[in-house]
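The values are calculated or read from the model by the stated rules, or taken from the named source; none is laboratory data. This is a predicted model, so every value here is computed, not measured. As a convention, Cβ positions derive from the backbone with ideal geometry for all residues, glycine included, and neighbour counts pool all protein chains shown. Surface accessibility is based on the protein's heavy atoms, side chains included, excluding ligands, DNA and RNA. Shrake-Rupley method; radii C 1.70, N 1.55, O 1.52, S 1.80 Å.
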Amino acid sequence: MSLRFRLTLGLIAVILLAYAFLSVVVIQHVNRVFLHEVQNRVRLDLNSARRVFDGHAKQILERLETVRDLHQTELNIQHLKDDIHNLFSSVQNKKICDLMLLVNPEGEVIFRAHQPDNTSGDYSQNPLVEQVLQTRAPATGAFLAPLDQLTVENPELAARANIQLIETPAAKPTDAVELNQGMVLGAAVPIYHQSDPNQLLAVAYGAILLNRRYDLVDAIRDEIYQEPVEGKHIGMATVFQGDVRIATNVPTVEQGRAEGTRLSEVVYQRVLENGEVFADKAFVVNDWYITAYEPIRDPSGAIIGALYVGLLETPFTQPQRVIIIFFLLMVLSSVLATLILLSLLIKRLLAPIAPIMKMAHRVIEGDLSARVGIRPKDDMGVLCEAIDLMADAVAQREAMIKQHAHQQISQSEKLASIGRLAAGVAHEINNPLTGVLTFAHLLREKPNLTGQDKDDLNVIVNETTRVREIVRGLLDFARESPSKKEPLQVNDVIMRAIKLVGANKEFRNITIQTALDAQLPLTYGDPNQLLQVVLNLCLNACEAMPSGGQLTINSEQIDDRVIVTIQDTGCGIIPDNLEKIFDPFFTTKPVGKGTGLGLSVSYGILKAHGGMLECESEFNVGTTFTLSLLLENQQELNQTNSE
């Protein structure tokens with residue numbers, strides 16, 4: 001008998017002895033007797049809770065249908081209003097309904113049983129009323145209502161719905177501090193004309209607000225769970241709006257109701273995001289429960305909350321504790337023997353790990369040609385082959401990235417060459433312009449000119465001067481020079497940029513508006529580099545408005561910074577691209593129209609100046625870029641502190 005065979009046989013024997021015992025004791029006893037049985041019970045409890053929950057809506061529906069049935073033989077709007085009012089008074093005394101009203105086929109309120117003198121409001125967008133108007137059939141369900149709508153019906157309802165959020169361990173992070181909606185459960189019934197059963201006369205609608213509706217969750221608890229044990233309920237029920245408890249009998253440490261506390265993030269993902277039923281052990285507010293959750297959906301199918309039932313774990317843990325102690329005593333001896341045998345076997349089985357680690361270190365150091373090279377005849381051989389294939393893919397990807405970067409750099413060099421050529425052409429244009437301007441001035445001094453001649457020469461002088469200023473600005477901008485930061489007036493940079501882009505034919509259909517703070521203090525920076533930033537943002541705005549639009553440039557001082565905003569009315573940026581716009585080589589322009597470097601370079605220039613460049617955009621509405629620069633004295637103070 002070989003050593004390898006004996007080792008394998010010994011390993012199998014040890015694993016079977018140790019973990020067969022573990023499986024029999026833990027899985028068969030704990031899962032079958034404890035977790036499995038209790039979870040099944042809680043799942044059934046959840047079905048019962050749903051019946052109680054839906055039963056409240058059914059009660060409202062049945063009462064509304066009694067009003068409808070009363071008018072099958074004799075139909076009168078005033079009688080209908082009286083019946084609705086009487087019905088509301090009776091069900092309100094039984095705490096079945098918070099509001100009840102009639103709406104016409106257009107969704108307009110014609111009578112409020114809870115506010116007979118108030119007929120204002122449009123209920124055509126109410127999910128239940130809207131469903132009845134579309135299907136002409138009764139509808140029930142839950143949905144979310146804004147606080148302002150609840151205030152119109154009854155300010156007390158809005159106060160009940162406004163629940164403050166309480167920080168809860170393991171909950172999903174949120175910036176919200178309170179609820180601005182309420183969860184409503186209700187029903188709506190169509191009522192038809194007596195003379196024409198197909199003609200809708202009105203819709204009867206009734207509902208309750210679930211926020212702080214403690215009688216509902218207490219009714220669920222009392223129906224599906226036994227009497228309190230030693231004065232303490234072991235079963236709990238909760239209605240969630242989103243992930244916030246709005247009606248619950250889960251107690252807090254102070255023995256109050258835990259309204260405002262929130263779901264754990266794990267349950268949030270399973271129930272509210274994935275729409276699944278969650279049944280498992282969970283930590284609820286301040287104790288462990290065996291729980292079950294299911295989503296609550298509105299009439300459109302959207303998840304708006306969750307329904308929860310749970311049993312305290314404590315009464316069921318004593319049998320589990322006995323099993324665990326017994327298990328630990330029995331398994332301890334087998335674990336010690338297993339560790340000794342496994343340590344010998346692992347050393348042999350994991351021998352290929354050393355070449356894999358060596359190869360990984362070589363790749364980390366930059367040697368993408370490193371490979372494992374060995375192929376054991378087992379699963380480790382498959383792993384070694386997969387790692388080598390992964391290294392091949394990484395090397396191929398690295399080569400593609402280098403090639404792409406080389407192409408982008410080549411394109412940038414081409415653009416730089418074009419810029420230098422444009423500067424040379426502008427310089428050549430400037431010489432004849434100077435001659436034209438000089439001779440125009442001389443001609444204007446001749447004494448025998450008519451008034452029309454002088455006017456024409458003035459036009460030549462003015463337009464030639466304007467062209468020369470544009471060319472001079474282009475030369476100043478294109479001239480290569482080292483970065484030189486100096487005190488400057490940001491408004492001057494903005495006006496230089498406007499003069500340059502104003503001569504571009506693409507800006508003919510674009511209105512440029514400015515609101516520059518005349519009292520703006522000096523800032524500190526390189527005027528040519530800042531001009532490059534403003535020009536780039538203006539040109540981008542122009543490309544975003546191919547059919548024309550408005551470009552607005554503002555400047556102001558906020559605290560210790562100069563703020564410049566450049567806003568367009570163009571096509572905007574889709575949300576998926578908004579976080580990538582400052583990445584080098586990222587562009588949405590067609591091939592040959594851009595390199596993806598403009599915003600990246602502009603971002604770098606602002607960062608080098610100790611400033612910021614931010615972007616806000618709404619698709620098909622427009623984009624706003626915000627430039628922020630420190631004031632001159634603040635810049636000097638920062639430089640002194642850094643020295």
Do we have I558 as closer than 15 Å to G598 by Cβ and within 30 Å of the chain's Cα centre (by Cα) here? no
Identify all residues within region 508-524 that are without any contact (Cβ under 8 Å) to a residue 40 or more places away in the chain and either in contact with a strand residue (DSSP E or B) (Cβ under 7 Å, 6 or more places away or on another chain) or of a type in the set (F, W, Y) (or both); write none if there are none. L516
Before we move on, is I553 part of a helix (DSSP H, G or I), at pLDDT 85 or above, of a type in the set (V, I, T) and open to solvent by less than 80 Å² (accessible area, probe 1.4 Å)? no
How many residues are outside any strand (DSSP E or B) and within 30 Å of the chain's Cα centre (by Cα) if we restrict to region 124-156? 12
Pairs only if they're at least six apart or on different chains, beta carbon under 8 angstrom, first in region 192-206 and in contact (Cβ under 8 Å) with a residue 60 or more places away in the chain, second buried (at least 19 other Cβ atoms within 10 Å of the Cβ) and polar (S, T, N, Q); list them, first residue then second. Y205/N126
Would you mind telling me which numbered condition in (1) at pLDDT 80 or above; (2) not in a helix (DSSP H, G or I) D388 fails? (2)
Would you check if there is a residue in region 65-72 being surrounded by 14 or more Cβ atoms within 10 Å (Cβ to Cβ) and at pLDDT 90 or above? no
Limited to region 298-317, what total is found for residues that are free of Cβ contacts under 8 Å to residues at least 60 places away in the same chain and either surrounded by 15 or more Cβ atoms within 10 Å (Cβ to Cβ) or among the acidic types (D, E) (or both)? 2
Every residue from region 163-197 that is farther than 19 Å from L307 by Cα and hydroxyl-bearing (S, T, Y): T174, Y192, S195
When Q532 is run through (1) assigned to a helix (DSSP H, G or I); (2) farther than 22 Å from G610 by Cβ; (3) touching a helix residue (DSSP H, G or I) at 6+ places or on another chain (Cβ under 9 Å), the failure sits at (2)
What number of residues within region 270-279 satisfy the criterion of being part of a helix (DSSP H, G or I), crowded, with 21+ Cβ neighbours inside 10 Å and in contact with a Phe, Trp or Tyr (Cβ under 7 Å, 6 or more places away or on another chain)? 1
Filter pass, V177 being under 19 Å from D287 (Cβ atoms) and either modelled with pLDDT of 90 or more or surrounded by fewer than 20 Cβ atoms within 10 Å (Cβ to Cβ) (or both): no
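Residues checked against (1) at pLDDT below 95; (2) farther than 23 Å from I246 by Cβ; (3) within 30 Å of the chain's Cα centre (by Cα):
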position: A282; (1), (2), (3): yes, no, yes
position: V285; (1), (2), (3): yes, no, yes
position: T291; (1), (2), (3): yes, no, yes
position: I304; (1), (2), (3): no, no, yes
position: T317; (1), (2), (3): yes, yes, no
position: L339; (1), (2), (3): yes, yes, no
position: L345; (1), (2), (3): yes, yes, no
Pairing a residue in region 163-182 that is farther than 16 Å from D148 by Cβ and in contact (Cβ under 8 Å) with a residue 12 or more places away in the chain with any residue that is part of a loop (DSSP other than H, G, I, E, B) and hydroxyl-bearing (S, T, Y), where Cβ atoms lie under 7 Å and the two sit 6 or more apart in sequence or on different chains, gives I166/T261; T168/T261
